[in-house]
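If you scroll down you'll find the structure; I have some questions about it.
The values are calculated or read from the model by the stated rules, or taken from the named source; none is laboratory data. Here the structure is a predicted model, which means the values were calculated and not measured. Cβ: placed from backbone, ideal geometry, glycine included. Neighbour counts: every protein chain shown. With ligands, DNA and RNA removed, areas are computed over all heavy atoms of the protein, side chains included. Shrake-Rupley method; radii C 1.70, N 1.55, O 1.52, S 1.80 Å.
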Amino acid sequence: GETTVTVTAAQAPSTAAPTPANNPADVISLFSNAYTNVTVDTWSASWDSADVADVQVAGNDAKLYTNLLFSGIEFTGAHSVDATAMTHFHVDFWSADATTFHVKLVDFGANNAFDGGDDTAHELTFTPTAGQWNQLDIPLANFTGMTARAHVSQLIFVSSTAKVWVDNHVTYSQTSTYQ
């Protein structure tokens, strides 16, 4: 039979993600034009199922994931993030048609090594609004399975759609308000 596809939402963002306004002293930034970013080893690990490109949206840097089932973002070893003083994780994402978007954080434990027996992780699922920037401000306490925060080393995105733009991957302290 014939299939008719009607596209009502834009297929790509026409405006940049909102610019964060946290005090830089209260932020650990993986990716944002608003802050100095820490070192990220890879935005698409060899074990993930995604492709990533650096793109611009209305003059602002963003990451575009295509062929996205799950992305593996790694900042390991000396690059692991000590988020013990942080209270929230923030990310902005845009999709024309995603019905779910998952955020998973992994802490490599006291030995700061993958699969060392003390890794903890937790994944949360969100329902986005299609065709606009979705801003997630997630209390780190909501990642209940991630019982340690001193060696956060992986960020994993899972999506119901293959094409997602992301920006402003930051952890921040509650003393600062993300705006």
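Take the Cα of ALA10, step 7 Å along the line toward its Cβ, and report every residue of the stretch 92-128 whose backbone nitrogen sits under 19 Å from that point.
92-99, 128, by backbone N distance to the label point.
Once neighbouring chains are kept in place and the probe is 1.4 Å, which whole percent of the accessible area of the stretch 1-133 is contributed by carbon and sulfur?
49
At 1.4 Å probe radius, can you tell me the per residue accessible area of the chain in Å²?
Heavy-atom accessible area per residue stands at 47 Å².
I would also like to ask the following. Cβ under 15 Å from LEU140's Cβ, LEU140 left aside: what net charge do those residues give with Lys, Arg +1 and Asp, Glu -1?
Local charge sum for LEU140: -3.
Could you pull out which residues in the stretch 13-31 have an amide N less than 14 Å from a spot 7 Å beyond the Cα of ALA85, following the Cα-Cβ vector?
Taking a point 7 Å out along Cα→Cβ of ALA85, the residues of the stretch 13-31 whose backbone N falls under 14 Å are 23-29.
Fully extended, how many nm does the chain gain between LEU69 and GLN132 (0.36 nm per residue separation, minus their Cα-Cα distance)?
20.6 nm is the gain from fully extending LEU69 to GLN132.
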